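Asks: Please find one structure pasted underneath; my questions will follow.
The values are calculated or read from the model by the stated rules, or taken from the named source; none is laboratory data. Every value quoted in this text rests on a predicted model; they were computed, and no experiment measured them. In this analysis, Cβ positions are derived from the backbone assuming ideal geometry, glycine residues included, and neighbour counts consider all displayed protein chains.
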Amino acid sequence: MSKIHIPTPLRQYASKQATVEVKAATVGEAMNTLVVQHPDLKRHLYTDDGKLRAFVNLYLNDEDIRYMQKEATAVTDSDNISIVPSIAGGGITVTNGSVYGL
């Protein structure tokens, strides 16, 4: 079975598991199986209309699926799928000529 690697912030919605094994033919099927097994993950990964959220990136064996066949990318039993949420934030504040990182 393929393994889906769950990032630390989402593990609380996947029974605290770091990986979940699923049987699927494509990345999309694997992700669907994941959210069926762990329904609380769905709202963190998908929009209300069922599209993968823009800040959620999926990698198949370290390759970004956006440069493959996206969710139609085929998977085998030995494949690893990683969920990688984009990280944003931080910034610089300038006060009275001094620079502070956030």
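Asks: Can you pull out every residue in region 1-39 that is hydrophobic (A, V, I, L, M, F, W, C), in contact with a helix residue (DSSP H, G or I) (Cβ under 8 Å, 6 or more places away or on another chain) and without any contact (Cβ under 8 Å) to a residue 60 or more places away in the chain?
Replies: A14, A18, V20, V22, A24, V27, M31, L34, V35
Asks: Counting just the residues of region 25-82 that are in a helix (DSSP H, G or I) and polar (S, T, N, Q), which one comes out surrounded by the fewest Cβ atoms within 10 Å (Cβ to Cβ)?
Replies: Per the stated criteria, the residue is Q37.
Asks: Now a separate question. Got at least one residue in region 43-63 being in contact with a Pro (Cβ under 7 Å, 6 or more places away or on another chain), of a type in the set (A, V, I, L, M, F, W, C) and either under 14 Å from I4 (Cα atoms) or modelled with pLDDT of 95 or more (or both)?
Replies: Yes, that holds for at least one residue.
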